[in-house]
1. Express in Å², to the nearest 10, the accessible area of Lys31 obtained by rolling a 1.4 Å probe over the protein heavy atoms while all chains stay in place.
2. What is the calculated FRET efficiency for Lys97 to Ala39, with r their C-beta to C-beta distance and R₀ = 30 Å, to the nearest 0.05?
3. For Glu160, tell me the accessible area in Å² from a 1.4 Å probe, rounded to the nearest 10.
4. Sum up the charges of everything whose Cβ sits under 12 Å from the Cβ of Arg71, counting Lys and Arg as +1 and Asp and Glu as -1, but leave Arg71 out.
5. Could you bin all the Cα-Cα distances of region 83-170 into 10 Å bins starting at 0 and give me the percent of pairs in each, rounded to whole numbers?
6. Quick check for you: which residues of region 45-71 have the amide N under 16 Å from the point 7 Å beyond the Cα of Lys121 toward its beta carbon?
7. How far, in nm, would the chain grow between Gln157 and Gln135 when pulled straight, counting 0.36 nm per residue and subtracting the alpha carbon separation?
8. Counting only protein chains, not ligands or nucleic acids, how are Met99, Met109 ordered by accessible area (probe 1.4 Å), most first?
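The values are calculated or read from the model by the stated rules, or taken from the named source; none is laboratory data. Because the structure is predicted, anything quoted here is derived from the model rather than measured. Here Cβ is always computed from backbone atoms with ideal geometry, including for glycine, and neighbour counts include all displayed protein chains. When the accessible area is computed, the model is the full protein with side chains, heavy atoms only, and any ligands, DNA or RNA have been set aside. Shrake-Rupley method; radii C 1.70, N 1.55, O 1.52, S 1.80 Å.
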Amino acid sequence: MPVRVLCILLSLAMAFISWSVASVSASGLEKPEILQLRAFAQEIESIDAILTTSALTFAFTQDDKWLKVYRENEVKLGALLEEALSRAHESDSALLKRMDEENERLVKMEVRAIELTQQGKGRQAAEILNSKQYQEEKLRLRQSIDTYFLSLEKHLQLEEKQDLEIPQSN
């Protein structure tokens, strides 16, 4: 009789340990969180393109609607980067901070181009936005975004693999 009780208790303990391990996320993030962060990354990529386009179009046209588009999206991007950083897995924090710094360098150049445009110096503004330095900063940000996408995919693959490994109770 005591052996039978011991076997039952051991079985219950093993089931609990199995459930506990299965309920812990392999990447530290749950699948819905990873998908949300991937959506953030896609939006960051999109807003970055809008910022560049609106700053350049403003420099060429001096049409204030493009300045309005720029300013609205600059605020959105800052908030989005901040939100992504607050939700990120610790292994992605440094990358997101780097993305934020890269974005800040681009924003400084874009703001300078906007100021020049407002002073009637659209040609100089366009030169900034078409400069080698600006293009290199854009490339750095693009590479960081790509690296972030890859990191999120790894987190997602870990989650999907873990989902397949969770023992099914019947």
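1. 70 Å²
2. Numbers: r = 20 Å, r/R0 = 0.66.
The computed FRET efficiency comes out at 0.90.
3. 80 Å²
4. Once positives and negatives cancel, what remains is -1.
5. Calculated over all Cα pairs of region 83-170, the distribution is 15, 31, 22, 16, 8, 5, 2, 0 percent.
6. 59-60
7. Between Gln157 and Gln135, full extension yields 4.6 nm more.
8. Met109, Met99
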